[in-house]
Amino acid sequence: MQDQNAAYKPLSTATIAARLGSVDEISARLGIDTGTWRAQEVGDGNLNLVFILSSSKGSVIVKQALPYVRLVGDSWPLPLSRAFFEYQTLSRQAARDPGSVPEVYHFDESQALLVMEYLTPHVLLRKKLIAGETVSGLSDTLGRFCARTAFRGSDLSMKTSAKKADTALYQGNDKLMAITESLIFTDPYFDADLNHRTDGLDAVVAKLRNDVAMKSTVQQMLLMFTANAETLLHGDLHSGSIMCTDNDTKMIDPEFGFYGPIGFDIGMLIANFLMAYFSQPGHRAPGELAEYQNWILNVIQSTYDRFETEFTHLWTTERTGILFPHALFEDQGQSSQGACLAVLNKIRQDAIGFCGIEMHRRVLSLAHNADFEDIEDVAVRASLEARNLMMGRELILRRTEIPDTRALCDLAKKYNEEAVL
Ligand code: SR1
Ligand code: MG
């Protein structure tokens, strides 16, 4: 991994063809005549430049890290090395769950850029959830991805030396972890400089900030985030990091990849489905609301079911690491299924806690989501965000008491009926 590089230069639509014309992996797809290449900058995320580079022969995605946070500007520097970690994480995800991520054609470390498969006609899952569209196979793909990447990147599967070397490597992604540590776990609960929120939420925010037990639990979860290097995670698995067609789903953007608690990715994912759920009255006519909200809750349940089924399958068929070795169970004629259930119980409790925290930060911290932000009527938005905030609090406080995602979805239905404001 290189440090910030003096030769680095951001691309632009005017320079990209000339600068990347000698990259064989691109010309193999677009042709060698760079005069026919067309570029469009489409990055609408918080951090990077993203170009669609096309010719009559094909298209590729070129993603380049900027040396600062795009959302904020150059007052917030951010290392280019995040492109290296994105590349590394995509490679591991492709190996652990083949077909789940875009193919990477080329990586240039000094320019912090990746050239990847152009996913088309995919759109961000968040856009589909706002538009009220369904995706077949969504929960199977998501649950399987979370289970396979979690299991195969952990001490349940990996050789201990490889796991420790990789954990050490990923400590270099510290600035991205620092963003999560502050933006997600800390800033929502005090007046951090970059926070912003919808008018009308002051009473709910005061309730959260006066809840010392809840804040202590959030900090316990931050301790897990910083200290429990259980597996390699995507690190930012929200509905803007997932691209879908009507029947295909791919995960993108793992630049926040880090070794942390297994429940983190799936907890963040559920949070983003819950925020999609709570925001629906701001996007749907009453006649179509219930059916679509129920679809979202079904996706949560079946994603989690798929996660547990796949994890259990891998536990049975691929448990080759240092944890829960066969020597202690099966080789002595004893079942390890009870141990597997205990591990899954702990993952679920962690996931529910991380879920509640993500529900808070997307409303109170710097980086909000379009599910709520696109609701123009401020009073409507505030009332929906308030339900989401109060449910997030209950998830954090009662994460060990909620037995399954059915109970979690029942809780969502209860808050969906409540006039919190
Ligand atoms: C300053 S970065 C803000 C957020 O954008 C990314 O997508 C992550 O979610 C991060 O927390
Ligand atoms: Mg991202």
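Rule-based calculations on the coordinates, nothing more; no lab input. Computed from a prediction, not measured in an experiment: that's the story for all the values here. We place every Cβ from the backbone using ideal geometry, glycine too, and count neighbours over all the protein chains shown.
Worth a mention:
- Subset of the range 241-267 (residues that are within 22 Å of Thr405 (Cβ to Cβ) and within 12 Å of ligand 2 (Cβ to nearest atom)): Ser241, Ile242, Met251
- Of all residues in the range 178-218 being crowded, with 20+ Cβ neighbours inside 10 Å and among the aromatic types (Phe, Trp, Tyr), the one that is nearest to the chain's Cα centre (by Cα): Phe185
- Residue in the range 155-171 that is over 21 Å from Lys250 (Cβ atoms), within 20 Å of the chain's Cα centre (by Cα) and outside any helix (DSSP H, G or I) present: no
- Search result, residues across the range 222-242 that are surrounded by 24 or more Cβ atoms within 10 Å (Cβ to Cβ), within 16 Å of ligand 1 (Cβ to nearest atom) and among the hydrophobic types (A, V, I, L, M, F, W, C): Leu233, Leu237, Ile242
- Residue selection: Asp166 fails the criterion of being touching a residue at least 12 places away in the same chain (Cβ under 8 Å), in contact with a Gly (Cβ under 7 Å, 6 or more places away or on another chain) and charged (D, E, K, R).
- Unique match (being within 16 Å of ligand 2 (Cβ to nearest atom) and among the hydrophobic types (A, V, I, L, M, F, W, C)) among Leu222, Leu208, Leu232, Leu237: Leu237
- Hits in the range 35-59 (condition: touching a residue at least 24 places away in the same chain (Cβ under 8 Å), within 16 Å of ligand 1 (Cβ to nearest atom) and assigned to a loop (DSSP other than H, G, I, E, B)): Gly43, Gly45, Asn46, Leu47
- Test: Gln334 is outside any helix (DSSP H, G or I) and either closer than 27 Å to Met390 by Cβ or not charged (D, E, K, R) (or both): yes
- Criterion applied to Asn272, Asn247, Asn294 was being within 16 Å of ligand 1 (Cβ to nearest atom) and either at negative phi or polar (S, T, N, Q) (or both), and the one residue passing it is Asn272.
- Filtered by the rule that a residue be surrounded by fewer than 21 Cβ atoms within 10 Å (Cβ to Cβ), farther than 29 Å from Ile32 by Cα and within 16 Å of ligand 2 (Cβ to nearest atom), the range 45-74 gives Gly45, Asn46, Tyr68, Val69, Arg70, Leu71, Val72.
- Taking first residues from the range 233-259 that are more than 20 Å from Leu114 (Cα to Cα) and partners that are assigned to a strand (DSSP E or B) and more than 8 Å from ligand 1 (Cβ to nearest atom), the Cβ contacts under 6 Å between residues at least 6 apart in sequence or on separate chains come to Tyr259/Leu232.
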